[in-house]
Structures are given as structure tokens and as C-alpha cells.
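The values are calculated or read from the model by the stated rules, or taken from the named source; none is laboratory data. As the structure is a prediction and not an experimental result, all values here were calculated from the model. Note: ideal-geometry Cβ built from the backbone for every residue, glycine included; neighbour counts use all protein chains shown. Note: accessible area is taken over every heavy atom of the protein model, side chains too, but ligands, DNA and RNA are not part of it. Shrake-Rupley method; radii C 1.70, N 1.55, O 1.52, S 1.80 Å.
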Amino acid sequence: MEFTASPKPQLSSRANAFSIAALMSSGGPKEKEAAENTIKPLEQFVEKSSCAQPLGELTSLEAHAEFGSGGGSPSSSSLCTEPLIPTTPIIPSEEMAKIACSLETKELWDKFHELGTEMIITKSGRRMFPTIRVSFSGVDPEAKYIVLMDIVPVDNKRYRYAYHRSSWLVAGKADPPLPARLYVHPDSPFTGEQLLKQMVSFEKVKLTNNELDQHGHIILNSMHKYQPRVHIIKKKDHTASLLNLKSEEFRTFIFPETVFTAVTAYQNQLITKLKIDSNPFAKGFRDSSRLTDIER
């Protein structure tokens, strides 16, 4: 009996696109080259981005210094918050230069800083603990001021926690920078008299890793280090929007002890313990071991 090979079945254009041969050929050199060309600009952006400005440059302005008081080209002095915060070097007026800012609960921040502060970020947003609380001096009692906060990357690196060494290690380049956001304190504008009598607390600031967040939370990358900054702007009669601050008088204050690593789960158990022991809202965690079944 003579055997004849059956004709090769013809695939439709849609079926042919998903055939094994088509899938195997799809990873060819052209696609690989295209992928490299797509990734490369992002890496260059991370390296050259103002978000990658080292903390040393941020704090070199002077301890808790004002931003924009030094010289240098715009590229060297630019920060990742541009254009929300002006990057043009600005010499503060004599009046603004008198303003000083101090960090409240500094002792608590120092305890966390010694261990390596971590802050939880979630899709829905998580509040910071410790909270950024500051007080001002040297303001004009009759003037009005807007107080705001932002959080900028410390460097252009991504980190991982080495449990066997109980320390943070560099894991590679930072992820592409996320949209920069300013958090304007909801009680702004303050009168100078109010600022002299009360501290300003940013307890409502929430951190998120949701790039599509629509609630105004500050968007951060997990396993990256960040530096919170506090800004004070003297409100003028014509100040209607905070989108253009280039004509406004402002000062920026940086507290190095508030640097933290953004995480989706605590890495250092000592940080977890210190958070539970120090946070009044964590009372349930402290008392849960002593509760009876009825009390639960």
C-alpha cells in the first residue's frame, strides 16, 4: 500500500500569528534591540534625573538650609520636584533668611534613624510614623505663610535588606522616577502669629506606590531611600495657585534624621518593635498578647 503524505494544513492569519513558529521567531534580534532601546533612555533618565541628586548635595546647602540659596548652573541645582519647586538659584530676602525651622520629636526620629527608618507604602496610602512635626521662628506675625512638604529620593539606587547581616545593601539602579508631588498643609495659609504659637504637623500625609493615585498621596518606589523636605512660602495677595512658585519667596528645610526607606513590609524587626512601642495607635499590638478570649 502506497503511503502519501497528507497536505500541510493551512492556518488562518490569526492562527498563524499564535503558532509555535511565529512565537519562537518573535524574540528575534530586532525585537531584542528594540527592547534595549526602550529601556536605555529610562536608565539614562535615572542617571541624569534631578531625582538622583545625592543627599550630600541636598544637605550641603547648610544644616536645615534653604533650597536655592547657592550658586551653580540650573542643571546642578535642579531637584526632582521641578517644576513644582523652582530650581533657579534664589537668594532669600533678609526677611525670609531670618526664618528658622526645628524638628519636633527629634529624639524619636534619632532612634529610628540609628536603626534605619522604614516607612510602609500601600496602594491605598499609609500615614507616616514618626510624623513630620515642625515649629517655626523668625516669621512676621502679620504676614501669611503657606507650609508644604515633599519627599525626594536620596540617590539613584535601589536597596535590599540582608537579613543575615541586618543591614541594607545596594541592589542596583533606582526605578524610573515617579511623578513629583507637593503636600500643602490643609491649614494653610497660616498667619505668622499662628506659626509662632503652634507646631505644624503633617500627620495626614499618606505614602503610596500607586502610580495612578488620584487622592493626592505622595507616590514612592519601594526599596528606595527618601528625604522629606519642609517648605515655607510667604503668601502674597496675588498668590492664587501653587503651580507657579517662581515669583514667590520661600525657604526649604531638610532634616537628615528623617531619611527613610520605603517598603511594602517592614524588613528590620527592630524597626517593627520600635514602631509598636512608640506609636500610640499601635496599642492593640502591644496588648494583644495579654487579652483573654472574651476580651478579644
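Looking only at the stretch 242-277, count every residue that is modelled with pLDDT of 95 or more and part of a loop (DSSP other than H, G, I, E, B) and tell me the total.
7
Against the definition (more than 30 Å from Gln267 (Cα to Cα), open to solvent by 10 Å² or more (accessible area, probe 1.4 Å) and of a type in the set (Ser, Thr, Tyr)), how does Ser166 come out, yes or no?
Taking the combined requirement at face value, the residue does not satisfy it.
State which residue is nearest to Gln214 (Cα to Cα) when the search covers only the stretch 119-142 and only residues that are outside any loop (DSSP other than H, G, I, E, B) and aliphatic (A, V, I, L, M).
Among those that are outside any loop (DSSP other than H, G, I, E, B) and aliphatic (A, V, I, L, M), it is Ile120.
With respect to the numbered conditions (1) open to solvent by 60 Å² or more (accessible area, probe 1.4 Å); (2) more than 22 Å from the chain's Cα centre (by Cα), which one is the sole condition not fulfilled by Leu115?
Every condition holds for Leu115 apart from (2).
What pairs can you find where one residue is in the stretch 173-185 and under 30 Å from Leu195 (Cα atoms), the other is assigned to a loop (DSSP other than H, G, I, E, B), and their Cβ atoms are less than 6 Å apart, with a gap of 6+ or different chains?
Close Cβ pairs satisfying both conditions: Ala180/Cys80; Ala180/Thr81; Ala180/Leu84; Leu182/Leu84; Tyr183/Val205.
Return the residue satisfying two criteria in turn: it lies in the stretch 129-145 and is in contact with a Pro (Cβ under 8 Å, 6 or more places away or on another chain) and not charged (D, E, K, R), and of such residues it is surrounded by the fewest Cβ atoms within 10 Å (Cβ to Cβ).
Ile132
In this structure, is Ile121 of a type outside the set (Lys, Arg) and within 13 Å of the chain's Cα centre (by Cα)?
yes
Does Tyr159 satisfy the criteria of being open to solvent by 30 Å² or more (accessible area, probe 1.4 Å), over 30 Å from Lys236 (Cβ atoms) and among the hydroxyl-bearing types (Ser, Thr, Tyr)?
In short, no.
Say whether the condition of being touching a strand residue (DSSP E or B) at 6+ places or on another chain (Cβ under 9 Å) and either at pLDDT 95 or above or assigned to a helix (DSSP H, G or I) (or both) is met by at least one residue in the stretch 73-95.
Scanning the stretch 73-95 turns up at least one residue that is touching a strand residue (DSSP E or B) at 6+ places or on another chain (Cβ under 9 Å) and either at pLDDT 95 or above or assigned to a helix (DSSP H, G or I) (or both).
Could you tell me which of the residues Leu178, Leu148 is touching a Leu at 6+ places or on another chain (Cβ under 9 Å), surrounded by 15 or more Cβ atoms within 10 Å (Cβ to Cβ), among the aliphatic types (A, V, I, L, M) and closer than 17 Å to Glu211 by Cα?
Selected residue: Leu178, the only one of Leu178, Leu148 that is touching a Leu at 6+ places or on another chain (Cβ under 9 Å), surrounded by 15 or more Cβ atoms within 10 Å (Cβ to Cβ), among the aliphatic types (A, V, I, L, M) and closer than 17 Å to Glu211 by Cα.
If you take the residues in the stretch 187-232 that are without any contact (Cβ under 8 Å) to a residue 40 or more places away in the chain and more than 29 Å from Met96 (Cβ to Cβ), which one is most open to solvent (accessible area, probe 1.4 Å)?
Gln214
With respect to the numbered conditions (1) open to solvent by 50 Å² or more (accessible area, probe 1.4 Å); (2) at pLDDT below 70; (3) farther than 23 Å from Ala97 by Cα; (4) more than 24 Å from the chain's Cα centre (by Cα), which one is the sole condition not fulfilled by Pro280?
Condition (2) is where Pro280 drops out.
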